[in-house]
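For reference, the structure discussed in these notes is given below.
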Amino acid sequence: MENHRIFIVEDDRKIAQLLAETLRKYQYDVAIVEDFEQVTEECLAFEPHLILLDINLPSYDGYYWCRQLRQHTTCPILFISARSGDMDQVFALENGGDDFITKPFHYEIVLAKIRSHLRRTFGEYAPNQSERTVKAGVLNLYIERMELQVRNNVVPLQKKECVILELLIDATPKVVSREKLLEELWDDQSFVDENTLNVNMTRVRKKLAEYGIQSSIETVRGAGYRFLLAPEES
């Protein structure tokens with residue numbers, strides 16, 4: 001069985017290194033963020049089972065990065081911060097965090113909380129749920145994996161690509177409105193540029209076309225989008 005992977009987002013290098021050394025002693029695989037402008041990219045490349053996240057960071061704070069990461073992963077995110085106010089903990093949880101540890105901390109408490117969250121998410125306390133899948137003709141969409149199986153090909157998807165396909169396939173042959181798509185893809189639609197949905201839809205169409213699925217997403221002017229498959233793909 002593989003070791004659980006933990007990603008540390010902490011700008012105090014001494015604290016980050018001490019945390020990493022302690023966790024490695026307990027057989028965890030650990031990575032520390034290198035570029036604070038590329039937190040999401042580095043995190044997704046590492047594919048962690050759990051994230052330790054500080055609040056006070058260069059460029060953007062931990063609340064911002066937690067919201068960004070929540071678009072791609074449901075793994076536990078534990079805030080570790082010198083801030084100890086009640087509202088700091090409220091903001092951490094409301095922005096997608098699962099727990100809050102105040103600095104200075106005892107390593108035993110950090111380890112206990114990590115073990116607890118990993119057990120609930122991946123271990124003996126994890127809910128025993130069957131994997132959600134959506135099927136349409138030669139396509140099988142695996143929601144939790146964010147993968148699309150096209151015949152014998154496995155196509156990795158970004159979070160928004162997966163959401164778009166799930167909504168469209170589930171509604172077939174009905175039209176899914178632009179408003180519904182925007183609502184599911186972005187929490188606050190007021191800051192979403194009009195072309196953003198078009199860009200994401202183009203990306204999904206291109207990915208399908210690369211694997212031989214043609215004309216599967218139809219634009220219904222004034223209404224939204226509909227998912228269609230050619231007869232040979234049904």
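Longest span of the chain, sites excluded, free of trypsin sites (Lys or Arg not before Pro) in DSSP loop with at most 15 other C-beta atoms within 10 Å?
Looking at the chain, 1-131 is the longest stretch - no exposed trypsin sites (Lys or Arg not before Pro) with at most 15 other Cβ atoms within 10 Å.
I'd like the per residue volume of the convex hull spanned by the Cα atoms of region 1-88, given in cubic angstrom.
Hull volume over Cα atoms, normalised by residue count, gives 102 Å³.
Taking only Cα atoms and a 10 Å spring cutoff, compute GNM fluctuations for the chain and point out the largest among ASP12, ASP98, ASP29.
Highest fluctuation of the listed residues: ASP12.
Ignoring any ligand, DNA or RNA, what whole percent of the accessible area of the chain comes from carbon and sulfur when the probe is 1.4 angstrom?
48
Under a Cβ-Cβ cut-off of 13 Å, what is the net charge of the residues other than ILE101 that fall near it, where Lys and Arg count +1 and Asp and Glu count -1?
The answer is -3.
Restricting to the chain, what percent of DSSP beta bridges are antiparallel, rounded to 5?
So the antiparallel bridges amount to about 55 percent of the total.
Taking only DSSP H segments of four or more residues, each worth -39500 (n - 2.57), what value at 222 nm results for the chain once the sum is divided by all its residues, to the nearest 500 deg cm²/dmol?
-12000 deg cm²/dmol
Using a 1.4 angstrom probe, figure out how much accessible area the chain has per residue, in square angstrom, rounded to the nearest whole.
So the chain comes to 56 Å² accessible per residue, rounded to a whole number.
Would you mind checking which residues have amide H under 5 Å from ILE80's amide H? H placed 1.01 Å from N; only 5 or more apart, or other chain.
Excluding prolines and chain starts, which carry no amide H, the hits are LEU53, ASP54, ILE55, ILE101.
Under 5 Å between amide H atoms, partner at least 5 residues away or on a different chain: which partners does ILE6 have, H built in plane at 1.01 Å?
Amide H to amide H, under 5 Å and 5 or more residues apart or across chains, ILE6 pairs with ASP29, VAL30, ALA31, HIS49.
Could you tell me the relative contact order of the chain? Use alpha-carbon pairs under 8 Å, at least six residues apart, and round to a whole percent.
RCO, the chain: 12 percent.
Tell me, what HN-Hα J-couplings in whole Hz come from the Karplus equation 6.51 cos²θ - 1.76 cosθ + 1.60 at θ = phi - 60° for each residue of region 99-115, using x for Gly and Pro?
7, 9, 10, 8, 7, x, 10, 8, 4, 5, 6, 4, 4, 5, 5, 4, 4
The values are calculated or read from the model by the stated rules, or taken from the named source; none is laboratory data. Here the structure is a predicted model, which is why all the values come from computation and not from measurement. Quick reminder, even Gly has a Cβ in these numbers, built from the backbone with ideal geometry, and neighbours come from all protein chains shown. To get the accessible areas, we keep the full protein, side chains included, count just its heavy atoms, and leave off ligands, DNA and RNA. Shrake-Rupley method; radii C 1.70, N 1.55, O 1.52, S 1.80 Å.
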